[in-house]
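The values are calculated or read from the model by the stated rules, or taken from the named source; none is laboratory data. Quick caveat, the model's predicted, so the values are computed rather than measured. Neighbour counts run over all protein chains shown; Cβ positions are idealised from the backbone, glycine included. Heads up: the accessible areas ignore ligands, DNA and RNA and are worked out on the full protein's heavy atoms, side chains in. Shrake-Rupley method; radii C 1.70, N 1.55, O 1.52, S 1.80 Å.
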Amino acid sequence: MTVTDDRPAAEIGKDRRRKEDRRLITGSSRYTDNIVLPGMLHLAMVRSPFAHAKITAIDTSEAKQASNVVAVYTAADLDESAGVLINAWPITPDQKAPVHAPLPADRVSFAGEIVAVVVARSAAAARDAAEMVDVDYDELPAALDLKDAVADKVLAHPDLGTNKSALWIFDSKEAGTGGDVEEAISAARSDGVVIEREFRQNRLIPAFMEPRSVVVDPTGEQLTMWSATQVPHIVRFALAATTGVPESKIRVIAPDVGGGFGGKLQVTPEEWLAWWIARQLHKPVKFTETRSESMMAAHHGRDQWQKLTLAATKEGKVTGLKVELTADLGSYVAIVGGGVPVLGAFMYNAIYKIPAYHFACQTVLTNKTWTDAYRGAGRPEATFAIERLMSDLADELGMDPFELREKNWIKHEEFPFTTVAGLEYDSGNYEAATASAKEFFGYDELRAEQARRRDSRDPVQLGIGISTFTEMCGLAPSRVLGSLDYGAGGWEHASVRMLATGKVEVVTGTSAHGQGHETAFSQIIADRLGVPFEDVEVLHGDTQVSVKGLDTYGSRSLVVGGEALVRAADKVVEKAKPVAAHLLEASVDDIEFSAGRFGVKGTDAGLSIQEVAGAVFSAHNLPDGMEPSIDAEATFDPINFNYPHGTHLCAVEVDTETGQIKMRKYTCVDDVGNIINPLIVEGQVHGGLAQGIAQALFEDAVFDERGTLVSGSFVDYLVPSAADLISFDAHHASTPATTNTLGTKGVGEAGTIASTPAVVNAVLDAVRQFGVKDIVMPCSPARVYAAIAAGRAVDTGSASEGADQ
Amino acid sequence: MTKIELTVDGSKVSDDVEPRMLLVQFLREKLGKTGTLIGCDTSNCGACTVHLDGHAVKSCNMLAVQADGSEVTTIEGLADTYDGGELHPMQAAFHECHALQCGFCTPGMIMRSVDLLGENPDPSEQEIREGLEGNLCRCTGYHNIVRAVQTAAAAGKGAQA
């Protein structure tokens, strides 16, 4: 760059403060529950207290007569136009899935299921009247424990004849991507090492801060739904597909949405009921759930048993991995519920060169809250399994856990690398991220401190946990989704509109709910078109504005949606070139575009993109036959997934006398390729870490023996507070992705995927010396204490039966 | 119905309310102060935090009638920010430090943070973390919220010097 270059400083890579912030920090937000419409009615749900019961009678007469009540509906009132809740990913052709009606006809299958809806002039009146609805139930035995459920001891849906929904298998020998895992295991049994483990993936609640809310306005020509959703386009499609309203008559708006984390990637009975009732009554309606309702009835995440067999040579070379999963779907197969474990199937081999791999997952119906995507969706479970196994293998062999990992991981010069699961990783540098993480962490010093504490038998022991993760994100290549029987594609859409005043409107099909798209996408367009950051307006989340899109989940917005944006912007430039040439009286071939200016090669003549936009608006002097528009759109379908990776290191102090865990340090070096906005990336990492740490230490959705969610409020479900966490030491490394123009990788889920095993490995590293091999998550002080006590008892030979469990 | 009179964001208001109406419901439903948000029903999350006579309270945890005669400040009255007016230093610090993502906890978090610095103008990181324990955030992992409060505290010291 010379001193005469008047190029504006590059926007990409700048830590721009967010455009979104002002409305949110001044209380000018527009969340769904803030919306009030003339004549609006309010809904209250009557929910089942039983996990599984026959509905024998519902008496709504008292509620109907209550003051200000407009209507009360039960399943008997619903007709076909109420639609059904769809499962968009039947993972096998013979998958068993119960029909999911917005209200069940005569049998509830989880505690919290809606059995009646009260409509009243105020939310308070609706709730009062909901108490007056008298429902008679005959309680049925409930399928609750996952292992009992897979054995069909009690049926969650008796008419299906089994709880087993689908069995999904990948085998590297069959797929031609690797060897026979059974051979690898038997070879290791005779002359090598076999690590066999069974891990529990605790059930989690997404716990977005904004409870779900929906408003439906049936007045006018188009029916409008506002919803606290991540997926307005998918909601629109599903409403059209199941309720008989033409798609063109449906407008879905996701206004400000208060977090999602996968939890708002759903089509819900609450939305469908509001939709149907508004159409019955020809009045706008609103439903906003309470937190307790949210925890009971919005989908949960994780909840798997993982049976794992890792085969290796005595020198620490991994030779095979066998994964047998049992995954709890809850009582219905949610929109992508069955597919969540399948998203993990390709990730158990992680960053390692594993020659033989077998994965089998049995999805299972139970009488609990449905499960679906929660930040990471399948990949945190896979990463937890393999990173735990690698640390356990290192321990078994007496090897340094890094040395073992490095012996098996893909070297940076080996990319692109096709894995045993059949994916092609485009880029990465595990050596660089790891070296950097160890340095920031002070790895050697902490190891020395750990040794000192061990030697002095300090009651407070130090543990160091490692997670060298990768993940697949940027959902997703449509062809791959098709081959996995997913019901939609994975492309994304964007359009760029050059306004007459020189401002730029950008429309994205992704739907932000806290990610900062308005800021990051403005930076991309500012650079691409050479316009001021402030002049770019990013529009999203309204199907009447964002006419095409597949929304936000799976860390896809930047790597898929951002690429669509780049391509649309590049089309704008190409469309503008002939106009600039015409106005500058030059040949198109001599027009160069740089930093927002169309110049003529070898001359000083030029026009800004804003000037060209103005000329196109007036259209007084355009080339013959040219359409008076330089607006452009692009739809991008990725050819591959996207593979961020990183090295996460966690140090914890474990008080061996109380089981209390204190986090000392958390360092991570994430390789998310090129970074658009480092501030936003860091924020995503921090939040991701908090959620992954929370799975390891705090959160657990617990049902009692009758199927009641006992951790059904923030009193009992331990979303960490500021006092439960520490400041994070987060850094970046960068090997650009080769599958998108900007070289970016997804970051939304990385922190969550990586951190859970880092934390649990740290806890175990502190207490392995007492004979502890596993602690079930969340690693509460009680569990840690019990594990230490049990381990010590075994060590001293005084173990009572079952003490090593 | 009970008649109440109070000052909200500098304006005198009076209304007849049901005795069971929560302060947060009064603010949102009667006054349209939708900047104050409801995130739970057990007073754990703090999204509804406002100032009552200068101190942070969870407006879901008191009745509107209990606020009779009081002065309430919500996020909308913290600073005169309409038409690009200057932000309160805590709002500015949240913006500067990227201390919010989805923004749902933010009004309550800011109101609590302002009160926290009122009680302790120079808190340690641990004091900030413990001081914010009653306000949940699901997006940020609190890292940048803590930075924001530290930034506002430093700015406050600078202003006094």
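Worth pointing out:
- For chain B, the relative contact order works out to 23 percent when only alpha carbon pairs closer than 8 Å and six or more residues apart are counted.
- Span from the the stretch A:758-791 Cα centroid across to the the stretch B:14-70 one, whole angstrom: 43
- Highest mobility in the GNM of chain B, judged by mean-square fluctuation with C-alpha springs under 10 Å and restricted to B:Gly85, B:Gly77, B:Gly32, is found for B:Gly85.
- Here the stretch B:79-155 has an Rg and Dmax of 11.6, 37 Å, counting Cα atoms alone.
- Computed log₁₀ I(q)/I(0) - Debye formula, equal Cα scatterers, no solvent, the stretch A:1-93, q 0.11, 0.23, 0.25 Å⁻¹: -0.75, -1.31, -1.38
- The Rg/Rh ratio of chain B, with both radii computed over alpha carbons and Rh defined as the Kirkwood radius, is 0.98.
- Heavy-atom accessible surface of the protein assembly as shown: percent carbon and sulfur, 1.4 Å: 49
- In the stretch A:225-282, the trypsin sites (Lys or Arg not before Pro) that fall in loop regions by DSSP, at most 14 other Cβ within 10 Å: none
- Accessible area buried at the A-B interface, both sides summed, 1.4 Å probe (Å², nearest 100): 4100
- Neighbour-limited loop hits for trypsin sites (Lys or Arg not before Pro), the stretch B:1-100 (at most 16 other Cβ within 10 Å; DSSP other than H, G, I, E, B): B:Arg20
- Centre separation in Å (Cα based) which lies between the stretch A:598-674 and the stretch A:460-482: 22
- Cross-link partners of A:Lys147 among lysines (Cα-Cα below 17 Å; sequence separation of 8 or more within a chain): A:Lys164, A:Lys307, A:Lys368
- Accessible area per residue, Å², the stretch B:2-77 with all protein chains present, probe 1.4 Å: 41
- Helical mean residue ellipticity (222 nm; -39500 (n - 2.57) per DSSP H run of 4+; nearest 500) of chain A: -8500 deg cm²/dmol
- Counting all C-alpha pairs of the stretch A:236-334, share separated by more than 17 Å (%): 69
- Distance cut-off 28 Å, percentage of C-alpha pairs in the stretch A:437-581 lying past it: 44
- Relative contact order computed over the stretch B:52-118 (Cα-Cα under 8 Å; 6+ residues apart), in percent: 34
- Partner shielding of A:498-510 amounts to 0, given as the average count of beta-carbon atoms from other chains within 10 Å of each residue beta-carbon.
- For the pair the stretch A:287-361 / the stretch B:91-161, the C-alpha centres are spaced 37 Å from each other.
- The loop-placed trypsin sites (Lys or Arg not before Pro) in the stretch A:280-383, going by DSSP, that have at most 11 neighbouring Cβ atoms within 10 Å of their Cβ come out as A:Lys314.
- Other protein chain Cβ atoms within 10 Å, averaged over every residue that makes up B:40-50: 5
- q = 0.07, 0.09 Å⁻¹, chain A: log10 I(q)/I(0) [Debye, one scatterer per Cα]: -0.55, -0.89
- Under the span-like rule (Cα at least 30 Å along the axis, Kyte-Doolittle mean at least -1.0), DSSP H helices of chain A: A:563-584
- The Cβ shell under 12 Å around A:Ala754 holds other residues with a net charge of -3, Lys and Arg each +1, Asp and Glu each -1.
- Percentage relative contact order, chain A, counting C-alpha pairs under 8 Å, at least six apart: 15
- Entries of A:Lys19/B:Lys30; B:Lys33/B:Lys157; A:Lys665/A:Lys773; A:Lys503/A:Lys577; A:Lys14/A:Lys601 with Cα pairs more than 25 Å apart: A:Lys19/B:Lys30; B:Lys33/B:Lys157; A:Lys14/A:Lys601
- Divided by 2.2 N^0.38 Å, where N counts the residues, the Cα radius of gyration of the stretch B:13-59 comes to 1.12.
- In this entry, the stretch A:573-635 is assigned a mean projected area of 4.5 nm², taken as a quarter of its C-alpha convex hull surface.
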